[in-house]
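Comments concern the structure below.
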Amino acid sequence: MKAIVDCNSFYAACERLFKPSLHGKPVVVLSNNDGCIVSRTDEAKELGIRMAEPYYQNKLAIEKNKVAVFSSNYHLYGDISRRVMETLRSLSPSVEVYSVDESFLELTGINENKLYDYALFLKSTTELWTGIPVSVGIAPTKVLSKVANRLAKKDKIGTKGVVVLQTPSQQREALEKTAIEDIWGVGNANAKKLRLFNINTGWDLRNMNEEWARKNLGGIVGVRLIKELKGFPCIEMKDPLTTKKMIATTRMFGKPVYELQALKEAVSTYLSRAAEKLRRQKGACKTITVFVVRNDHTQFKSDYFPASKTAYINLPSATDLTNVMISHVMPLVEMLYQKGSKYIKAGIILGDIVPANMIQYNLFELGENLNQKKLMQVMDNINFGIKTDLVKFAALGTKRDWKMRQEMRSKRFTTIWDELREVR
DNA sequence: TCTGGGGTCCTAGGACCC
DNA sequence: TCTGGGGTCCTAGGACCC
């Protein structure tokens, strides 16, 4: 059996942790640049505020109902997430962190007659130790445990926040209650298609033929989905030690950018951030992709037609050195840049990632690279430990007009010395 | 005026090889 | 007049997830 433990309204819950006066009140958290709504408490959901909608479209309802609004504060959420996952690891031998706010647990060895009690224990302990409310779903497969979790979230009082789908009849009842688009792995495109075939619930899909799924539902992906719905595990637990295969840093700009120099500064900054992530997993990359997105004026003011241009480079040898990456990428930015265009976003993607200790240096590079490595270590230590970007390359610029807007960010209560909670 | 960011997996199709 | 078949590797792009 497998469990999924999922934090309720995670970002909003993190904000509430340090502002107890917000308990029972509607709270929302915005995406980067204060663009979209990405987390809502139940009270905010009841007001009709929808997930992933632009903030400005909901401003009226938000102001009228005195909803508390926060810009996203990833320092805070990352640290609270780590506490939640540490708690789960202390309670269960096999934890796969699936995202910032949810983990799968392998329950082999837990008494099959006591799964419900175990789920309640996971929930209460996590909430007591971290202050973050969670829901727990348990079932034979990952897909079914997601179904269970969703039902637990929907009816927090009736289910006590915990649903176990152990018997075939429990599974059938749950799947009949679950609309097709709410099944994990069925997105918008496939949901539409399935509805045309008159497949409307999870139970309808479970009863489809696997060969049909191979033809009509994304090949092997569809076959696995149906097997999982039937209770045969096909999506296995992932090794927690696996490293990322690509690392991306991409952002909308706070203000549009017109000048090449500003565009280069932004890309250099994103590159530095991505390189830090790369070094943290002790990797080196062989390819770098850079893209810029412009949105030039058209005759209609309201038009939103972003157009992106991409370039990539295959490095002569894998590297984890920020300055080497910058020197390779700047010519690409110059190539992509068109004078007179209005740039709204840029991003970089590091690919073809290999373990850093397997980099092959040639004889001439060797000595210099060792010095560079030390420099990177020193920079990373300073930047991780104290304040972001205290030490950086000149290419990153100092004005940084393009930096994203975060007008309503709470303090980084747990990770930045200057912003710690004070007790008098 | 204002529409996020960071990932994974899979497939199709082209290039190339013998 | 006749013009193979099978394999691999790579890339772009789609679909999905939170």
When you go through A:A52, A:A61 one by one, which is the residue that is outside the structural domain of A:F104 (by TED's automatic domain parsing) and either more than 16 Å from DNA strand C (Cβ to nearest atom) or touching a helix residue (DSSP H, G or I) at 6+ places or on another chain (Cβ under 8 Å) (or both)?
A:A61
Unique residue being outside the structural domain of A:N33 (by TED's automatic domain parsing), at pLDDT 90 or above and touching a Pro at 6+ places or on another chain (Cβ under 7 Å) when the list is A:K282, A:K277
A:K282
Taking only the range A:159-171 into account, find how many residues are without any contact (Cβ under 8 Å) to a residue 60 or more places away in the chain and either part of a strand (DSSP E or B) or surrounded by fewer than 15 Cβ atoms within 10 Å (Cβ to Cβ) (or both).
5
More than 13 Å from DNA strand C (Cβ to nearest atom), at pLDDT 90 or above, out of contact with any helix residue (DSSP H, G or I) (no Cβ under 8 Å at 6 or more places or on another chain) and not assigned by TED's automatic domain parsing to the domain that holds A:Y270: does that describe A:N207?
yes
Which numbered condition trips up A:K215, out of (1) in the same structural domain as A:L165 (by TED's automatic domain parsing); (2) of a type in the set (D, E, K, R); (3) within 21 Å of A:M376 (Cβ to Cβ)?
(3)
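Do we find that A:K153 is free of Cβ contacts under 8 Å to residues at least 24 places away in the same chain and either closer than 21 Å to A:E127 by Cβ or assigned to a helix (DSSP H, G or I) (or both) in this structure?
So A:K153 fails the test.
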Sole residue being crowded, with 19+ Cβ neighbours inside 10 Å and within 21 Å of A:I4 (Cβ to Cβ), chosen from A:S81, A:S99:
A:S81
Looking at (1) over 26 Å from the mean Cα position of the chain (by Cα); (2) within 16 Å of DNA strand C (Cβ to nearest atom); (3) touching a residue at least 24 places away in the same chain (Cβ under 8 Å); (4) open to solvent by 80 Å² or more (accessible area, probe 1.4 Å), which one does A:M246 not meet, given that it meets all the others?
(1)
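The rows are residues; the columns are (1) under 26 Å from A:V29 (Cβ atoms); (2) open to solvent by 40 Å² or more (accessible area, probe 1.4 Å).
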position	(1), (2)
A:G109	no, yes
A:Y116	no, yes
A:A119	no, no
A:L122	yes, no
A:W129	yes, yes
A:T141	no, no
A:K153	yes, yes
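The values are calculated or read from the model by the stated rules, or taken from the named source; none is laboratory data. Model, not experiment: these values are computed from the prediction. Glycine gets a Cβ as well: all are built from the backbone with ideal geometry, and neighbour counts include every protein chain shown. Note: accessible area is taken over every heavy atom of the protein model, side chains too, but ligands, DNA and RNA are not part of it. Shrake-Rupley method; radii C 1.70, N 1.55, O 1.52, S 1.80 Å.
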